[in-house]
């Protein structure tokens with residue numbers, strides 16, 4: 001029995017749709033690992049294509065079929081091929097892939113050298129248009145910051161807290177996730193470690209005290225390091241502190257290329 005293809009029928013309102021597809025699909029993947037070659041993890045996928053005005057709907061099952069074709073071989077070097085297959089499979093002009101995944105790095109405690117695994121949240125956002133392929137690589141990095149103001153005005157001690165530094169880049173060349181993580185950690189008061197013994201804790205506490213940072217200092221520090229990488233031509237850096245003595249979080253953000261406000265007219269009330 002031949003079943004009707006309702007998705008390919010004409011809709012009553014013939015308006016094109018920019019993105020249609022599936023969200024929150026969990027799927028095993030391999031990602032490039034600087035020290036091991038590859039790392040196995042689980043990605044959460046959002047997959048979309050454009051839909052012309054004369055189609056009622058898209059075929060959701062075909063998104064899964066394309067991922068099944070690549071199985072676990074899904075990484076930054078073949079995302080372009082995955083998008084090409086999506087476009088062909090769904091007769092689309094544009095295809096989009098978003099994948100978010102935990103990424104683990106073995107970190108050694110700063111004094112005792114005890115190794116343990118540190119988790120970071122990474123993501124890849126890719127789009128393929130008729131004449132353009134676009135890829136954003138990013139990671140969220142937990143860090144420690146110590147308040148310069150608190151240190152300056154207090155006779156002893158200073159409040160400190162955990163923060164999250166988010167870095168997303170567009171690049172003309174290959175960038176390791178580890179490189180973005182290192183840049184974020186170097187720009188904070190101290191990295192965060194999964195395991196600390198007492199000598200390590202003493203070292204981290206004292207290092208942070210000697211290296212106070214506002215969220216503004218953190219995003220500026222990350223930006224300076226990214227600007228030194230000639231292959232990176234676009235980036236967004238965000239820092240958010242879960243403040244320990246305030247009822248709110250502290251936040252700062254930098255986009256590059258920098259926005260020029262001088263040409264924008266002001267609105268008088």
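Selection of region 75-119 for residues being surrounded by fewer than 18 Cβ atoms within 10 Å (Cβ to Cβ), assigned to a helix (DSSP H, G or I) and out of contact with any helix residue (DSSP H, G or I) (no Cβ under 7 Å at 6 or more places or on another chain) yields 80, 81, 84, 88.
Given the criteria buried (at least 17 other Cβ atoms within 10 Å of the Cβ), farther than 21 Å from residue 152 by Cα and either touching a strand residue (DSSP E or B) at 6+ places or on another chain (Cβ under 6 Å) or modelled with pLDDT under 95 (or both), does residue 168 qualify? Taking the combined requirement at face value, the residue satisfies it. Between 12, 44, which is more than 18 Å from residue 121 (Cα to Cα) and either surrounded by 13 or more Cβ atoms within 10 Å (Cβ to Cβ) or at pLDDT below 90 (or both)? None of the others qualify; the one that does is 12.
Take residue 188 and decide whether it is touching a helix residue (DSSP H, G or I) at 6+ places or on another chain (Cβ under 6 Å), surrounded by fewer than 20 Cβ atoms within 10 Å (Cβ to Cβ), under 23 Å from residue 249 (Cα atoms) and touching a residue at least 12 places away in the same chain (Cβ under 8 Å). Considered against the rule, which asks whether it is touching a helix residue (DSSP H, G or I) at 6+ places or on another chain (Cβ under 6 Å), surrounded by fewer than 20 Cβ atoms within 10 Å (Cβ to Cβ), under 23 Å from residue 249 (Cα atoms) and touching a residue at least 12 places away in the same chain (Cβ under 8 Å), residue 188 comes out as no.
Restricting the search to region 203-236, which residues are in contact with a helix residue (DSSP H, G or I) (Cβ under 9 Å, 6 or more places away or on another chain) and either in a helix (DSSP H, G or I) or more than 17 Å from residue 160 (Cα to Cα) (or both)?
Of all residues in region 203-236, those in contact with a helix residue (DSSP H, G or I) (Cβ under 9 Å, 6 or more places away or on another chain) come to 209, 212-214, 217-218, 221-222, 225-226, 229, 232, 235.
If the condition is that a residue be in contact with a helix residue (DSSP H, G or I) (Cβ under 9 Å, 6 or more places away or on another chain) and either in a helix (DSSP H, G or I) or more than 17 Å from residue 160 (Cα to Cα) (or both), then 209, 217, 218, 221, 222, 225, 226, 229, 232, 235 are the ones that fit.
Filter region 51-69 for residues that are at pLDDT 85 or above and touching a helix residue (DSSP H, G or I) at 6+ places or on another chain (Cβ under 9 Å); which is farthest from residue 94 (Cα to Cα)? Here the answer is 69. Among the listed residues 226, 196, identify the single one that is touching a residue at least 24 places away in the same chain (Cβ under 8 Å), crowded, with 18+ Cβ neighbours inside 10 Å and over 26 Å from the mean Cα position of the chain (by Cα). From the options 226, 196, the qualifying one is 196.
The values are calculated or read from the model by the stated rules, or taken from the named source; none is laboratory data. No experiment lies behind these values; they were computed from the predicted model shown. So basically every Cβ, Gly included, is an ideal-geometry build from the backbone, and we count neighbours across all protein chains shown.
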